[in-house]
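The values are calculated or read from the model by the stated rules, or taken from the named source; none is laboratory data. From a predicted model like this one, the values you see are computed outputs, not experimental measurements. Neighbour counts run over all protein chains shown; Cβ positions are idealised from the backbone, glycine included.
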Amino acid sequence: MVALIVGTVLAVGALAYVLFPLLAGVAPLPRRRARGARDLAAAAEHEAVVALREIEFDRATGKLSDADYDELRARYTERALEALRSTTPVAADDAAEAAVLAYRSRLKRCADCGPRPEPDAVYCSSCGSFLPGACGSCGAAVTEAGAAFCVSCGRQLAA
């Protein structure tokens, strides 16, 4: 008889616990703060990356054909790029950002490979093409590989 009473009390208690939120007015959840443009762009970027991972997994498990995979990958990659491009750039007055931009401006650029890590490079360390430079005295562009003198002012170029 004691077991029956204990079981009934436990059942009524569990029922009250489950029904309490429905019967007693529950306060609404606090509203989330409005998202800024940067938060929305980050969320869109995250969603696009997650979608790309999912289609990779679906292709690997055989759920997606190659044609469908190529179409979805192109679509989600474009969305991810749009989200990346829409993010707000870091403020120009940030000291660290200014230092990085100053360092990058000193580097020579290869038309095919981008900025080179060697500040005094004459040829690209990846593809071997000539890296155009400028004359140290007049600033004229040096576009010929192996040029010893500036075509504008005639000064000798640094080797």
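Using beta carbons and a limit of 9 Å, which pairs, at least six apart or on different chains, have the first residue in segment 55-84 and of a type in the set (Val, Ile, Thr) and the second one not in a loop (DSSP other than H, G, I, E, B)?
Between residues of segment 55-84 that are of a type in the set (Val, Ile, Thr) and residues that are not in a loop (DSSP other than H, G, I, E, B), the close pairs are ILE55/ASP68; ILE55/TYR69; ILE55/LEU72; ILE55/ARG73; ILE55/TYR76; THR77/ALA48; THR77/LEU52.
From the set of residues in segment 137-159 that are at pLDDT below 75 and surrounded by 13 or more Cβ atoms within 10 Å (Cβ to Cβ), which is nearest to the chain's Cα centre (by Cα)?
VAL142
Quick one: is LEU107 surrounded by 14 or more Cβ atoms within 10 Å (Cβ to Cβ) and either at pLDDT below 70 or touching a helix residue (DSSP H, G or I) at 6+ places or on another chain (Cβ under 7 Å) (or both)? Reasoning before the result, please.
Numbers: surrounded by 14 or more Cβ atoms within 10 Å (Cβ to Cβ): yes; either at pLDDT below 70 or touching a helix residue (DSSP H, G or I) at 6+ places or on another chain (Cβ under 7 Å) (or both): no.
In short, no.
Which numbered condition in (1) modelled with pLDDT under 80; (2) part of a loop (DSSP other than H, G, I, E, B); (3) surrounded by fewer than 10 Cβ atoms within 10 Å (Cβ to Cβ) is the only one that GLY62 fails?
All conditions pass for GLY62, except number (1).
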